[in-house]
Amino acid sequence: MALSTAGTFLKYSEDEGLTFVSLLEIINYPDLGSTPTKIDTTTLSAMKYKTSMAGLQELPDLVFEANYDDAVYTMIDALAGVTHTFQLQFGEEGVDGKFTWNGQVSVYPVGGGVDEPRKMQVSVSNETEIVAS
């Protein structure tokens with residue numbers, strides 16, 4: 001069964017994940033992981049194919065897009081420089097999944113063109129593994 005992206009929420013916590021409040025209304029969200037690197041295990045006796053094993057995944061910064069709102073921009077900018085717990089929730093209260101990690105947030109306005117809404121991007125660093133629950 002497929003699920004819609006409608007009802008996706010970006011939240012943060014100031015009490016180490018005990019309670020979460022909405023950070024802002026987002027337009028889109030990034031991939032929450034990456035393909036593991038490949039560690040080459042090929043020996044000199046190999047004649048046709050290389051062998052490998054899975055390595056580590058990168059923890060990329062997570063960049064979310066939102067419509068620009070000056071009050072929200074100011075609130076998020078005030079959170080910069082401090083590590084918080086963040087959670088991306090699929091469905092109301094995360095009924096379809098919750099993804100939690102620690103990081104620091106920054107916000108910046110993005111360029112625009114004719115007949116477009118003003119937008120901003122919120123970048124959340126990835127200081128810990130993203131945990132699904």
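Take peptides 4-16, 39-51 and line them up by average Cβ neighbours within 10 Å, highest first, as a rough protection proxy.
For the peptides 4-16, 39-51, the packing ranking is 4-16, 39-51.
Kindly provide the helix-only [θ] at 222 nm of the chain, computed as the sum of -39,500 (n - 2.57) over DSSP H runs of four or more divided by all residues, to the nearest 500 deg cm²/dmol?
Per the formula, -2000 deg cm²/dmol.
As I understand it, the value is the acute angle between the Cα axis of helix 70-79 and the longest principal axis of the Cα atoms of the chain; what does it come to in degrees, rounded to 10?
50 degrees
Run the count for the range 1-121, please: Lys pairs, Cα-Cα under 25 angstrom, 8 or more apart or on different chains.
Lysine pairs, 8 or more places apart or on different chains, close enough: 4.
S34 versus E14, label points 7 Å from Cα toward the beta carbon: distance in nm?
Placing both labels 7 Å along Cα→Cβ, they lie 3.2 nm apart.
Provide the FRET efficiency to the nearest 0.05 for the R118-A54 pair, computing r from the beta carbons and using R0 = 35 Å.
With R0 = 35 Å, the Cβ-Cβ based efficiency is 0.25.
How much length is gained on full extension from A132 to L44, taking 0.36 nm per residue of separation minus their Cα-Cα distance?
Net length gain for the segment: 27.6 nm.
Values in this text are rule-based calculations from the coordinates and carry no lab data. What you see is a predicted model; the values in this text were computed from it and never measured. Glycine gets a Cβ as well: all are built from the backbone with ideal geometry, and neighbour counts include every protein chain shown.
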